[in-house]
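Reviewing the structure listed below.
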Amino acid sequence: MSETNPAATAPVSADAAPHRYTAAMAAEIEARWQDFWDAEGTYAAPNPKGDLAGDPELVARPKKFIMDMFPYPSGAGLHVGHPLGYIATDVFARFQRMTGHNVLHTLGFDAFGLPAEQYAVQTGTHPRVSTEANMENMRSQLRRLGLGHDKRRSFATIDPEYYKWTQWIFLQIFDSWYDDEAKKARPIAELVAQFEAGERAVPGGRTWSALTEAERADVLGEYRLAYASDAPVNWCPGLGTVLANEEVTADGRSERGNFPVFKSKLRQWNMRITAYADRLLDDLDQLDWPEAIKLQQRNWIGRSEGARVDFPIDGERITVFTTRPDTLFGATYMVLAPEHPLVEKFTPDAWPEGTRDAWTGGHATPAEAVAAYRAQAASKSDVERQAEAKDKTGVFIGAYATNPVNGERVPVFIADYVLMGYGTGAIMAVPAGDQRDFEFARAFELPIRCIVEPTDGRGTDTSTWEDAFASYDAKIMNSANDAVSLDGLPVVEAKERITEWLERTGAGEGTVNFRLRDWLFSRQRYWGEPFPIVYDEDGIAHPLPASMLPLELPEVEDYSPRTFDPDDADTRPETPLSRNADWVNVTLDLGDGPKKYRRETNTMPNWAGSCWYELRYLDPHNSERLVDPEIEQYWMGPREGLPHGGVDLYVGGAEHAVLHLLYARFWSKVLFDLGHVSSAEPFHKLFNQGMIQAYVYRDSRGIAVPAAEVEERDGAYYYQGEKVSRLLGKMGKSLKNAVTPDEICAEYGADTLRLYEMAMGPLDVSRPWDTRAVVGQFRLLQRLWRNVVDENTGELSVVDVAEADIDADTLRALHKAIDGVRQDLEGMRFNTAIAKVTELNNHLTKAGGPVPRSVAERLVLLVAPLAPHVAEELWRKLGHETSVVHEDFPVADLAYVVDETVTCVVQIKGKVKARLEVAPSISDDDLEKAALADEKVVAALGGAGIRKVIVRAPKLVNIVPA
Ligand code: ANZ
C-alpha cells in the first residue's frame, strides 16, 4: 500500500520554501553525485601492482575486502528486499574507508542458470541476450542506490574471460589427487611418478609400464579430484538433468520444479570433495561465521567415529559400519541395503531349514523374495526409507553370517531402512540399542539382547521393553568372550576396548565415516560452462591445454534439455550441446599430432562460477594467471586473526549454508594446496542478513490481490470493496506485493530508501516492509538539511563558533552521537546508528538558532556512510572541495560521552577556587591533571610551585602550594 507523501510530490507552492529538501531535489543531487563518483573513480580501490595499481598512500593502509553474495540477473529485476545486504555492505564499506582503510567493494553477476535457459526455450531468445539485458536493468537499478562499487572490478560469470578461468580451475582439479599422508592435493603427475618408480603399488598389482593407456586412465580416475564415474546419481527426468544431493529435497524431489528424482547409473563428472571432509570440518573453527551455519555445515559433512566390523559368511565377509562397536555382543541379525552388490552372491536357491514364515514375505525362494523386495524399495526416496515410526519392512535373504565376537549365527536381511550410500551399506543390528533395529526385531521376531544396563528403571528383561534403550552414560553388560570383556565399562571406554580387540584379531578397525558425498558436477544443460575435456577414439578423457581456453559455448538450435515423463526412471539425458555436431567432433593437436576427438557435452553446474569469484574481483583483467599472487596475498592472505586468510566480510542469505559456501571452501582449499593462492578459506567473516518480508493480501478464493490497491478500514483490509485477508510472507511478483527500489527512489530518493532499509531493525532479523513508514526517514533528511541550509535562500545557515563557546549540551549530544555511531557502524548495528544520528539532529533542531559549523560538519560526516548523496552535497556546501568519501570519520571526545558528570571541588589551601564537571569514573591521575590545568586554578596559584596534591576522585582535589 502506498501513501503519497505531500512533502515529496506536492508542487512547490508560492509559500513553500524554495530550497527545501524534496524528492525532486534528492533526485537531482543523487544523479549529480553518482555521475561525479563515476567520473572521478571515487570508489576505485588500488592494487599494490598491475593494471589497477594506484595511490601508494591508499595501498599502504590496512585493507578491507567487503563482499556481497552476487545476484543472479533475473528478468523480474530487483524489489526492495534484494538490496538490503548491498546497502548494508555499502554503509560498512564507506565507514571503513573513512576510518583509514583501503576498501575493496564491488559486485558482479552470477549469470549462468536455469531461468535464462527456460526463457530461451519459451521465446527463442538466446540466454546471453536476455541475461545481458537483465544485467543492464539491474545495473541501473543498483546505480540508483548510490552503492560505492569499484566498477572496474565487476564482471559476470558468463563472460568468456571469466569462465576461461573457471575451466582452468576445473583442469587444476582434474589434474590433481589427494595425498592422504600429506593431507593435501598434489599434481597428478607426482602420483604417476610414484607409480612409475614403484614407490606406490599400482592397484591390481601390475606394474605401471604394463598397463595400457586406458587402464592407466582408469587407475588415475580413482585418484583424481575431478573424475567421471558411473555411480548411481539423482536423475530427474522432469528437468532432463541430473542433480547434486544438495539440490534434492528431503522428500526426494527436485528443489526446482518439485519433480521426482530417481537413482540411476549414469556416467557423470564428480568432484572428490569428500577428500577434504576433515579439513572442511576442522577449519570451520577458525571462521567468524554464524554458529547456525557452522552447525549446518558440520551436520552436512556428518563426521561419525566408529568401526568397521567384518562378519564372516561362506568364506567371505560382510563389512558393516557402526558408531557403536561396543554393542557388538547385542548384534542379533544383520541388514544389507536392498541394492547391496553382495546380496545376489549370498542368496541361496532355497530357504534354509527352519526359516520362519514371517521372514520370507510369502515367497517360494529367497531369490524371488529379494527381487520383489528390491522392486518395492526402488520406488521410495532415501528420506521415506529412513523415516522413523514407519512399519519396518524387509526380507530374509536365506543366509547366515557369524558375529565375530561370539561366533553366533546371525540371519541376514535386506531392508530399506539401510541405505546403500552411507557407511558400507550394511549394518549389524542391535535391537536393544537402536530404535529402528528394535522395531524390526519385534516385527520379525528376532532376539533382543540387553547389553547396556538400563538406567531408567525398566529392567533387563527386554520382553517387557517398549523401545530400545540408548544412553552414553550407562554401563555395558552381557558382553564378554574368552579374550575380551566390556562388562561394567562405560560406553566410551567400551568402544576403545572393543576397537582394540577388533584390530588385534583382524575382525575390524576403528574408522571415521562421513555423511558428505562427492559433488556431482555435470548437468545436461546448455547455459553453463562447457567442460574443457575431450575424448579420444578409445573414450579416454583428455584435458584441453590452457592455451585452448576459454572453450566457448557453441551456438545450438535448441537450448532445451530433453525432458521426459517425470515418472519414467528408465529415460536417459540428452544434452543440448550434443546437438551441434561441428562443435562436438573436432580434430585437435594436444601435443601428439592432430587427432579426432569428441567434446564433453555436459556443462558445469551453476555453482561453479560462484566457487571462486572473490578471487577475480582482486585482479579482474588478468589474462595470464588466475590471480597475481602478490595481489591475492595483499587482499586475502592470512594475517593476524585470520589464520586462513579470506574476505573480511561476506554478506548474504542463510540459504547458501551448505551449497555455495561448502563448494567455494573446497575450491579454495584445492587452489591453496596447489599453490595458486595463499588463503585456504574464501570468506573469513560471514554475516546473514534477514529477509524483507511483505504483507500478502488474499481474496476469499485465496488468490493474492495487488497489495498496492488494498485499503485499510478499521483494522480490516479491502480490495475493490471485497474484504481480503492479510498475512506476512515473501515479497515477489507472484504474490503481487513487490515494491521496487525504483518506486521508492522516485518518491523519496535513494538516501531515504537506504536509511529506511537500515533503520528497519537489526540486519540479521527479518522485518516487514511498510511503505508508509519510509517517510519517517525522509523527514530526518529534511531536518538534517534544514539544520545546515536556509530553506528560503539556499544559503548555508551555520555559524562559526569556537569549540569552547559551543554550549555543553550540544557538545555532549554531538560526542555521544559520534561515539555511539562509530561503535554501531563498526558492529554493523546500522539501525541503532541511525537512531543516534536522529537524536543528535533532533537536539540541534530543538536547540533552535543556527548550528555551529563544526557541529554541522561532524553531523554530515556521521551521516555520510548511510546517506552518501546528501552528505556529499552538504559537505560541498560547507565549503569543502573534496568528496566526503575519503574524509576521516569523526572521533568522540570521551569526556563528553559519559552520561552524568559530578562536580569536583578544587581547593587551594582549603579554599574553593574552582569547580570542574567530570566523569564519575575519572581516575585520580586524570582528575589531578584536569585540576592543575584549570584556568582558575592556574591563576590562583600564580606561578607558585606545588608541594602536595590530595585527590579524592571524583569529588575533591586539594592543592597545597609550596
Ligand atoms: C550398531 C548400533 C547400535 C548402531 C546402536 C547405532 C546404535 P551415524 O551416527 O549417523 O553415523 N547405520 C550404519 N550404516 C547405515 C546405513 N547404510 N543405513 C542406515 N543405517 C546405517 O549412524 C551410524 C549408525 O547408523 C551405525 O551404528 C548403524 O547402526 C547405522 F545401539 O550400528 B549402528
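No value in this document is a laboratory result; all are computed from the given coordinates. Computed from a prediction, not measured in an experiment: that's the story for all the values here. Don't worry about glycine lacking a Cβ; one is built from the backbone with ideal geometry, like all the others, and counts go over all protein chains shown.
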Review point. Fewest first, what order do Arg436, Arg458 take by the number of other Cβ atoms within 10 Å?
Key: Arg458, Arg436
Review point. Which aspartates and glutamates does Lys495 reach when only Cα atoms under 19 Å apart count, and residues fewer than 8 places away in its own chain are ignored?
Key: Glu305, Asp310, Asp326, Asp434, Glu453, Asp473, Asp482, Asp487, Glu503, Glu509
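Starting from 0.36 nm per residue, how many nanometres of slack lie between His542 and Glu199 once their C-alpha separation is accounted for?
Between His542 and Glu199, full extension yields 120.9 nm more.
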Practice item. Enter the mean projected area of the convex hull around the alpha-carbon atoms of the range 546-593, in nm², rounded to one decimal. Key: 5.2 nm²
Exercise for review: Using Cα centres only, tell me the gap between the range 485-547 and the range 621-684 in whole Å.
Suggested key: 25 Å
Revision key, fill the gap. Simple spin-label estimate for Thr460/Asp807, 7 Å along Cα→Cβ, in nm, reads 8.6 nm
**Study point:** Cα-based Rg of the chain normalised by 2.2 N^0.38 Å, two decimals
**Key:** 1.18
**Study point:** Which listed pairs, of Lys909/Lys929; Lys64/Lys294; Lys929/Lys955; Lys265/Lys294, have C-alpha distances above 21 Å, in listed order
**Key:** Lys64/Lys294; Lys265/Lys294
Review point. What's the FRET efficiency of Asp38 with Thr125 using the Cβ-Cβ distance as r and R₀ = 45 Å, to the nearest 0.05?
Key: 0.90
Review point. For the chain, what's the relative contact order in percent, using C-alpha pairs closer than 8 Å and at least 6 residues apart?
Key: 14 percent
Check your understanding: What is the log10 of I(q)/I(0) for the range 54-208, computed with the Debye formula using one identical point scatterer on each Cα and no solvent, at q = 0.16 Å⁻¹?
Key -> -0.96
Revision key, fill the gap. Stokes-Einstein D for the range 643-769 (25 °C, 0.890 mPa s, Kirkwood Rh from Cα pairs), in µm²/s, comes to 137 µm²/s
Revision key, fill the gap. All alpha-carbon distances of the range 759-851, grouped into 10 Å bins from 0, give the whole-percent distribution 15, 38, 33, 12, 2
Revision key, fill the gap. In debye to the nearest 20, the charge dipole size for the range 607-747, taken about the Cα centre with +1 at each Lys and Arg Cβ and -1 at each Asp and Glu Cβ, equals 640 debye
Revision key, fill the gap. Restricting to Cα pairs under 8 Å and 6 or more apart, the percent relative contact order of the range 516-625 works out to 36 percent
Review point. If you take the square roots of the eigenvalues of the alpha-carbon gyration tensor of the range 240-380 and sort them as a ≥ b ≥ c, do you get rounded (a/c under 1.5), prolate (a/b over b/c) or oblate?
Key: oblate
Point to revise | Whole-number percent relative contact order across the range 226-321, with pairs defined as alpha carbons under 8 Å at least 6 apart | key: 23 percent
Check your understanding: If you take the Cα Rg of the range 865-962 and divide it by 2.2 N^0.38 Å, with N the number of residues, what do you get?
Key -> 1.63
Practice item. Please work out whether the range 595-676 counts as rounded, prolate or oblate from its C-alpha gyration tensor, where a ≥ b ≥ c are the square roots of the eigenvalues and a/c under 1.5 means rounded, while otherwise a/b larger than b/c means prolate and anything else oblate? Key: oblate
Point to revise | Isotropic mean projected area of the C-alpha convex hull, the range 159-202 (nm²) | key: 3.6 nm²
Exercise for review: Sticking with the crude label model, points 7 Å out along Cα→Cβ, report the distance from Ala375 to Asp714 in nm, one decimal please.
Suggested key: 6.6 nm
Review point. Can you give the convex hull volume per residue for the Cα atoms of the range 828-894, as a whole number of Å³?
Key: 104 Å³
Point to revise | Spatially proximal aspartates and glutamates relative to Lys816 (Cα-Cα < 15 Å; intrachain offsets below 8 disregarded) | key: Asp807, Asp824, Glu839, Asp893, Asp899, Glu900
Review point. Rounded, prolate or oblate: which one fits the range 464-580, using the alpha carbon gyration tensor with axes a ≥ b ≥ c (rounded when a/c is under 1.5, else prolate when a/b beats b/c, else oblate)?
Key: prolate
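DSSP loop GluC sites (Glu not before Pro) in the range 527-616 with at most 13 other Cβ atoms within 10 Å of their Cβ, which ones?
The qualifying sites are Glu537, Glu552, Glu555, Glu557.
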Study note, to complete from the structure: For the range 608-614, Karplus-derived ³J(HN,Hα) couplings (6.51, -1.76, 1.60; θ = phi - 60°; whole Hz; x for glycine and proline) come out as 4, x, 8, 7, 8, 5, 4
Practice item. Grab the Cα-Cα distance for Asp179 and Asn299, subtract it from 0.36 nm times how many residues apart they are, and report the gain in nm with one decimal. Key: 40.7 nm
Review point. Share of antiparallel DSSP beta bridges in the chain, in percent to the nearest 5?
Key: 80 percent
Practice item. Report the extension gain between Ser229 and Ser766 in nm, rounded to one decimal, defined as 0.36 nm multiplied by the number of residues separating them, less their alpha carbon distance. Key: 189.0 nm
Check your understanding: Reachable aspartates and glutamates from Lys183, Cα under 15 Å, same-chain residues fewer than 8 places away excluded?
Key -> Asp278, Asp282, Asp283, Asp673
Exercise for review: Would you please give the FRET efficiency between Leu727 and Asn792, computed as 1/(1 + (r/R0)^6) with r the Cβ-Cβ distance and R0 = 30 Å, to the nearest 0.05?
Suggested key: 0.05
